[in-house]
Amino acid sequence: MNLSRLIYCSRAVADLDYEDLKDIMTKSQKNNQPVGVTGILCFGNTIFLQILEGPRQEISKTYNRIIQDTRHFDTEIIDFQEIEERLFTDWSMRVVQLGDFSRDSVNHIILKYSSQPEFNPFKMTSKQCLNFMMEFGQLTK
Ligand code: FAD
């Protein structure tokens, strides 16, 4: 089955809390691992940015489930493509909050890949999103 990568972003509902994030992480890890889906989910500035890698069919099924989730809205696909290799292999789904890390180091990466100082993947290119996630992933290891 074709190995693929999906990048999308969305806006969290106003009352999203820590328990919701924990639930999303638990469900993602439970569901993704058996079907070979890996990736990273970043949350900051009330916005989600997620990268899913795995078999194309499983990525589609997972994404179709995710977009029905009422904990977020304005879901926007940033990129979907076949890939030769995964970049995010360590976790079935790693969930990271920008607020958990040093403001200086996070701001540096945001500014490096954005035209503005706030985290806003709706205004970033797919390449910028990918590079941001790779660099942010390294920071949080
Ligand atoms: P069940 O608990 O059986 O869920 C059944 C249904 O209820 C689903 O339609 C679910 O969307 C909905 N639901 C459950 N809890 C809530 C709640 N607290 N509020 C609103 N609706 C709810 N899931 C993955 O499997 N992999 C991922 O990578 C992944 N990433 C996500 C990223 C984001 C930004 C968000 C918001 C959700 C993500 N989820 C992910 C969760 C996904 O949307 C579903 O909630 C989950 O896959 C349902 O798993 P389940 O059928 O085993 O759980």
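The values are calculated or read from the model by the stated rules, or taken from the named source; none is laboratory data. These numbers were taken from a predicted model, which means no experiment stands behind them. We place every Cβ from the backbone using ideal geometry, glycine too, and count neighbours over all the protein chains shown. These area figures cover heavy atoms from the full protein model, side chains too; ligands, DNA and RNA do not enter into them. Shrake-Rupley method; radii C 1.70, N 1.55, O 1.52, S 1.80 Å.
Some notes on this structure:
- Rolling a 1.4 Å probe across all protein chains gives S115 an accessible area of roughly 110 Å².
- Over all pairs of different C-alpha atoms, the chain has a mean inverse distance whose reciprocal, the Kirkwood radius, equals 15.1 Å.
- The sum of -39500 (n - 2.57) across all DSSP H runs of n ≥ 4, divided by the residue count of the chain, sets its helix-only mean residue ellipticity at 222 nm to -12000 deg cm²/dmol.
- A14 versus T46: modelled label distance in nm, points set 7 Å from Cα along the beta carbon direction: 0.7 nm
- Residue among P117, P55, P34 with the largest mean-square fluctuation in a Gaussian network model of the chain, springs linking Cα atoms under 10 Å: P34
- Inter-site label distance for N120 and D74 at 7 Å from Cα along Cβ, in nm: 0.9 nm
- The solvent-accessible area of K22, taken with every protein chain present and a 1.4 Å probe, is close to 80 Å².
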